[in-house]
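Each value in this text was obtained by applying a stated rule to the coordinates, not by laboratory testing. Just so you know, these numbers come straight off a predicted model, no measurement behind them. Note that each Cβ is placed from the backbone with ideal geometry, even for glycine, and that neighbours are counted across all protein chains shown.
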Amino acid sequence: MAPSLDTMRRWRASKYGAVGVYYGGRGRACPHQPRLGHRWMKGVQRLGWRVLPVYVGSQSPCVVERHKKGYRIGRHAWSEGVREGRDAVRRAWAVGIRPGSPLYLDMEAYKYRQKKCARATLAFVRGWDRQVRGKGYVPGFYSSADSGVAHMRAAARAGVRDLPSVIWFARWHARPRLSREPVLWRSAWSRQRRIHQYAGNVKERHGGRTLVIDRNLVHAPVARIR
C-alpha cells in the first residue's frame with residue numbers, strides 16, 4: 001500500500017530519491033490503494049521524490065511464485081498483452097502520469113526455458129509493449145535476472161521486435177551495479193535504461209517511520225507527473 005504523504009516527507013531523511021509505485025494490474029498484491037491517486041503523485045513529486053510506476057498484470061504460465069499462479073496468462077497471450085497494455089496506460093493517466101513516462105511491467109520469476117511457456121510470455125510482453133509504446137509511454141520490464149531478463153536478452157539477440165525499452169533486473173545479495181550484470185551484454189539496454197534491484201523485503205526506519213522496502217540502483221527514466 002502506498003505510504004502516507006507524511007511518511008514520504010519523513011523518509012526524505014533517507015539516502016533514497018525514488019519510490020516504486022504499484023499503480024495497476026490484476027496481479028498486484030495490494031489492489032486496494034485508498035491513498036494512491038493524482039493528489040498523492042503530485043504530493044510526492046513536490047516532496048522531491050521521483051516515481052517508478054509498476055504495473056503487475058498477468059503472469060507467465062510457468063510462474064514460480066505460488067501466489068501468482070492465479071494470474072497466469074491465458075490462451076490468447078498477444079491480445080491479453082494488448083488489452084492489459086491499454087489498461088496500464090489508462091490507469092497511468094488516471095493517477096497523473098503523463099505520456100513520455102516509463103511504465104514498468106512486473107513479470108515475476110518463471111521457467112523461461114520451457115518453450116511453450118516462453119512463447120506465450122514473450123507474446124504477452126510484446127503485445128503489452130506495443131500498446132504502451134503506441135500510446136506515447138515507455139515500456140519497461142521488471143523480472144529476475146536469471147529468468148525474465150535472460151529471456152528478453154535471448155529475444156533481443158534473436159532480433160525480436162516490440163521488446164521493452166528499459167530493463168529492471170532483480171539480483172539480490174549482490175553489490176549494486178548496473179554495468180556488470182552477467183546476463184546482459186554491455187551494450188544491451190545501456191544509456192540510462194537499467195535498474196538493479198539488489199535487495200528485497202528489507203525493513204528500514206527513517207524520520208520515525210518504518211517501511212519494508214526493496215533496494216534499487218536506478219539509472220533509468222522516471223514518471224512525468226502532470
Rg/Rg_globular for the stretch 5-79, with Rg_globular taken as 2.2 N^0.38 Å and Rg from C-alpha atoms: 1.39
Asn201 paired with Arg26, simple spin-label distance in nm, labels 7 Å along Cα-to-beta-carbon: 2.6 nm
FRET E, pair Leu47, Lys116, Förster distance 35 Å, beta-carbon r, rounded to 0.05: 0.15
Modelled label-to-label distance, Arg209 and Arg226, 7 Å Cα→beta-carbon offset: nm? 2.7 nm
Can you tell me the relative contact order of the stretch 5-219? Whole percent, Cα pairs under 8 Å, sequence separation 6 or more. 18 percent
Give the long-range amide H neighbours of Tyr55: residues separated by 5 or more places, or on another chain, with amide H under 5 Å away, using H modelled in the peptide plane at 1.01 Å from N. Tyr104, Leu105, Asp106
Answer check: the stretch 5-219, Cα atoms, Kirkwood Rh, Rg/Rh ratio of 0.95
With DSSP loop assignment and no more than 10 other C-beta atoms within 10 Å, the trypsin sites (Lys or Arg not before Pro) in the stretch 51-134 are Arg75
Which cysteines in the chain lack any other cysteine whose Cβ sits under 4.7 Å from their own Cβ? Cys30
State, as an integer percentage, the relative contact order of the stretch 127-226 based on alpha-carbon contacts under 8 Å between residues 6 or more apart. 23 percent
antiparallel share of DSSP beta bridges within the stretch 1-147, to nearest 5, in %, is 5 percent
